[in-house]
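Down below is the structure, laid out as structure tokens.
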Amino acid sequence: MITAGIFNTFKTKKSMDLKNKSLVSISDYSLEEQIGILELAAEFEKNPRQKILEKHVVATLFFEPSTRTRLSFESAATQLSAKVIGFSEAGTSSVSKGETLKDTILTVSNYSDIIVMRHPREGSARYAAEVAPVPVINAGDGAHQHPTQTLLDLYSILKTQGKLDKLNIAFVGDLKYGRTVHSLVEALCQFDTTFHLVSPIDLKLPSYMKIHIKNKNLQYHQYTEMNEVIPKVDILYMTRIQKERFADPIEYERVKDAYILRSPMLANAMDHMKVLHPLPRVNEIDEEVDKSKHAYYFQQAQNGVFVRMALLSSILGVV
Amino acid sequence: MEERKELKVNAIENGTVIDHIPTQSVFQVIHMLNLNECENQILFGTNLESQKYGRKGIIKVSNRFFDPSDVNKIALIAPTATLIEIKNFKVVNKKNVILPDTVKQFVKCVNPNCITNHEKVTQKFNVIDKTEIKLQCLYCEKVTAKDNFTFI
């Protein structure tokens, strides 16, 4: 549980005003606003069922399927008594009849107070926020951004480590294509983070991201094996490696087992070390690890609900 | 020498002269300013001698004066260009083009999955590198470099 003292290290404005402020990219919110959301999420965690959004309608427009993010948003809205409308795939909307995104957004804006949108095209969320008269929360736009995942990751790190500063954080797996990794690395560059980047050669973190880390005067170390990293870090952030990302399928077969976390590998981990994963997992974390005190990925998914409660209530201006 | 220059590129009575265009960019500038659809008299030259740049291109458009947003776009492909406005055969205004911080409706975003390549969205970019000329899409945030410019 987060104690109030944790937030005292940040000069947050209790009365931050996010009313009607769309969230498309994590950088749309200042550091104070991001911390303010985490602070509010901690309050919702203590008291999640509140009838504060009963006069509001939340639209969840999912142009491509997503179980976790959509249900997490809908659970957050429902627990705060909002009405939820929307669709869970483009096939069940007028998009299948050829409607443009702009028309869909303008129409749905008439029926709701806020739009949560996932769309396969990059930049679609910024465009939706530009045309919509109501605020928009980006729930993932192609490979571009997924800022609510980033906030829930930050919340999970803060909750388990008691701080966001001066942490050693390892990212393991596909560091080249994963938008979750890119967004979180960018967010962690706001703090004094040391990055440990573990990936196959083909899937290293893009150089522009490494330049970004260097420009912030932070350190990163690159590895191709996970074992030596585990004892050094506070957070082990696992991601899925997809076969189709490899130019050479033989290379995939050669390296795939090196990125599977198994229980014995955690023997030398620090006591407080936690394993995070944006989920869904396929086989990169062995199910045996679920029983370990280090496993935190399911709680991490639960934290998403509190963070989304904080976002919905702040943007709708009820807190 | 002066006489030879006159023969190469005739003077215009009223209009705009775009001088000191990098010679390889002349046709891009013509396309970008939609001059291929312009009914005014237009003269252009490439591979002309230039004391300053070795070789240069020039475009003269009669009875046409460009607005600042067009001028800014020229700077992105022809940063050395000079704009000279002529009235009654006299130079009334001469200025270097200035690289803008942002640009609209100029090139396509390089990212095939960007929303701007699939819906009628006004293309908008931030100019993030004024030396190498790199544009960052305001929507998908991908960077389009000069070599990948596809003009709208």
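The values are calculated or read from the model by the stated rules, or taken from the named source; none is laboratory data. Here the structure is a predicted model, which is why all the values come from computation and not from measurement. Don't worry about glycine lacking a Cβ; one is built from the backbone with ideal geometry, like all the others, and counts go over all protein chains shown.
Every listed requirement among (1) outside any helix (DSSP H, G or I); (2) among the charged types (D, E, K, R); (3) within 20 Å of the chain's Cα centre (by Cα) is met by residue A:159 save one, (1).
Considering only residues that are out of contact with any Ser or Thr (no Cβ under 8 Å at 6 or more places or on another chain) and either under 13 Å from residue A:204 (Cα atoms) or loosely packed, with under 12 Cβ neighbours inside 10 Å (or both), which ones fall in segment A:229-253? Hits for segment A:229-253 are A:241, A:243, A:244, A:245, A:246, A:247, A:248, A:249, A:250, A:253. With respect to (1) of a type in the set (D, E, K, R); (2) closer than 30 Å to residue A:40 by Cβ; (3) more than 21 Å from the chain's Cα centre (by Cα), the lone exception for residue A:234 is condition (3). Every condition in (1) assigned to a strand (DSSP E or B); (2) touching a Cys at 6+ places or on another chain (Cβ under 6 Å) holds for residue A:169 except the one numbered (2). Evaluated against (1) farther than 20 Å from residue A:182 by Cα; (2) within 18 Å of the chain's Cα centre (by Cα), residue A:297 falls short on exactly one condition, (1).
Report yes if residue A:159 is surrounded by fewer than 24 Cβ atoms within 10 Å (Cβ to Cβ), within 13 Å of chain B (Cβ to nearest Cβ) and at pLDDT 95 or above, otherwise no. Taking the combined requirement at face value, the residue does not satisfy it.
Selection of strands (runs of 3 or more DSSP E) fully inside segment A:188-272 by the criterion of at least 2 residues being among the hydrophobic types (A, V, I, L, M, F, W, C) returns A:194-198, A:235-238. When the residues of segment A:90-140 are narrowed to those that are of a type in the set (Lys, Arg) and crowded, with 22+ Cβ neighbours inside 10 Å, which ends up farthest from residue B:118 (Cα to Cα)? By that ranking, first place goes to A:118. Of the residues making up segment B:109-137, those that are part of a loop (DSSP other than H, G, I, E, B) and free of Cβ contacts under 8 Å to residues at least 24 places away in the same chain are B:112, B:118, B:119, B:120, B:121, B:122, B:131, B:132.
If the condition is being farther than 23 Å from residue A:141 by Cβ and either within 12 Å of chain A (Cβ to nearest Cβ) or part of a loop (DSSP other than H, G, I, E, B) (or both), then segment B:94-108 contributes B:97, B:98, B:99, B:100, B:101.
In segment B:71-110, which residues are of a type in the set (Gly, Ala, Ser) and in contact with a helix residue (DSSP H, G or I) (Cβ under 7 Å, 6 or more places away or on another chain)? Result: B:78, B:81. I'm trying to understand the selection: among the residues of segment B:134-152, which are at pLDDT 90 or above and either away from chain A (no Cβ under 14 Å) or surrounded by 15 or more Cβ atoms within 10 Å (Cβ to Cβ) (or both)? Hits for segment B:134-152 are B:134, B:135, B:136, B:137, B:138, B:139, B:140, B:141, B:142, B:143, B:144. For segment B:17-42, a residue qualifies if it is under 19 Å from residue B:67 (Cα atoms), assigned to a helix (DSSP H, G or I) and either hydroxyl-bearing (Ser, Thr, Tyr) or in contact with a helix residue (DSSP H, G or I) (Cβ under 7 Å, 6 or more places away or on another chain) (or both), and the qualifying residues are B:28, B:29, B:30, B:32, B:36.
Checked against (1) surrounded by 21 or more Cβ atoms within 10 Å (Cβ to Cβ); (2) out of contact with any strand residue (DSSP E or B) (no Cβ under 7 Å at 6 or more places or on another chain), residue A:189 meets all criteria but (1). Among the residues of segment A:96-121, those identified as out of contact with any helix residue (DSSP H, G or I) (no Cβ under 7 Å at 6 or more places or on another chain), among the charged types (D, E, K, R) and within 13 Å of chain B (Cβ to nearest Cβ) are A:99, A:103. Here residue A:305 meets each of (1) in a helix (DSSP H, G or I); (2) of a type in the set (Val, Ile, Thr); (3) over 23 Å from the mean Cα position of the chain (by Cα) with one exception, condition (3). Apart from one condition, residue A:133 fits all of (1) at pLDDT below 95; (2) within 27 Å of residue A:20 (Cβ to Cβ); (3) part of a loop (DSSP other than H, G, I, E, B); the exception is (1).
Scan segment A:273-290 for residues that are touching a residue at least 24 places away in the same chain (Cβ under 8 Å) and not in a loop (DSSP other than H, G, I, E, B) and jot them down. Steps first, answer last, please.
Step one: list which residues in segment A:273-290 are touching a residue at least 24 places away in the same chain (Cβ under 8 Å), which gives A:273-282, A:284-286, A:288-289.
Once the filter is applied, which keeps residues that are touching a residue at least 24 places away in the same chain (Cβ under 8 Å) and not in a loop (DSSP other than H, G, I, E, B), segment A:273-290 yields A:274, A:275, A:276, A:285, A:288, A:289.
Can you confirm whether residue A:4 is among the aliphatic types (A, V, I, L, M), loosely packed, with under 14 Cβ neighbours inside 10 Å and at pLDDT below 95? Let's see the steps before the verdict.
Working: among the aliphatic types (A, V, I, L, M): yes; loosely packed, with under 14 Cβ neighbours inside 10 Å: yes; at pLDDT below 95: yes.
Yes.
Quick check: is even one residue across segment B:114-130 under 21 Å from residue B:34 (Cβ atoms), within 14 Å of another protein chain (Cβ to nearest Cβ) and loosely packed, with under 13 Cβ neighbours inside 10 Å? Yes. Here residue A:26 fulfils each of the conditions (1) of a type in the set (Val, Ile, Thr); (2) more than 14 Å from every other protein chain (Cβ to nearest Cβ); (3) crowded, with 18+ Cβ neighbours inside 10 Å apart from (2). Within segment A:166-191, being at pLDDT 95 or above, in contact with a Ser or Thr (Cβ under 8 Å, 6 or more places away or on another chain) and under 17 Å from residue A:30 (Cα atoms) holds for A:184, A:187.
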